[in-house]
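What follows is a short report on a single structure.
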Amino acid sequence: MDPGNPSSITQAEVDRWQREGDLTYAGELADVRPALAGASVVVLPSYREGCPRSLLEAAATGRALIGGDAPGVREVVLPGRTGWLVPIRDAEVLKRTMLAAAAAGPEVLAGLGKGGRKLVEHRFSERVVVAEYLRLVSGKGG
């Protein structure tokens, strides 16, 4: 929920989904690691993103990913390597993909999680990101 964003979901919607048993909302967390440790797959069906920190954190902890095929998300969710990309605004495909992920064996999910961890280490580590930033601001790139 983001009250400043007109396209954000509302507290009333979250409350209704919880009453209907469709959602368990943990609220804001100061430390996401315990929540990620309890997950097998992390899902971000976003319509638009920058590079989503939530998926980077999930990948860093070795979780398989499902994400909407949007810029930024597709930099982290690599089909067959870190998880599954789904078309944006397609709830039916998202549902089928989530069910497929739930039915996937632990070896499949662990393999995708390992792929995500490798991706974060090689493309999104602090060392790599700072070096790229310095390259760009020095005028030597882009």
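Here are the numbers:
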read-out: Yes/no for Ala59 being in a helix (DSSP H, G or I) and at pLDDT 95 or above; value: yes
read-out: Which listed residue is farther than 25 Å from Ser125 by Cβ and assigned to a loop (DSSP other than H, G, I, E, B), from Leu94, Leu23; value: Leu23
read-out: So Ser46, is it touching a residue at least 60 places away in the same chain (Cβ under 8 Å) and under 17 Å from Met98 (Cβ atoms); value: no
read-out: Leu65, sole failed condition from (1) open to solvent by 40 Å² or more (accessible area, probe 1.4 Å); (2) touching a residue at least 40 places away in the same chain (Cβ under 8 Å); (3) outside any helix (DSSP H, G or I); value: (1)
read-out: Looking only at region 111-134, and only at residues there that are of a type in the set (D, E, K, R) and open to solvent by 100 Å² or more (accessible area, probe 1.4 Å), the one that is nearest to the chain's Cα centre (by Cα); value: Arg117
read-out: One residue from Gly50, Gly72, Gly80 being open to solvent by 30 Å² or more (accessible area, probe 1.4 Å) and at positive phi; value: Gly80
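The values are calculated or read from the model by the stated rules, or taken from the named source; none is laboratory data. Computed from a predicted model, the values in this text were never measured in an experiment. Note that we place each Cβ from the backbone using ideal geometry, even for glycine, and neighbour counts take in every protein chain shown. With ligands, DNA and RNA removed, areas are computed over all heavy atoms of the protein, side chains included. Shrake-Rupley method; radii C 1.70, N 1.55, O 1.52, S 1.80 Å.
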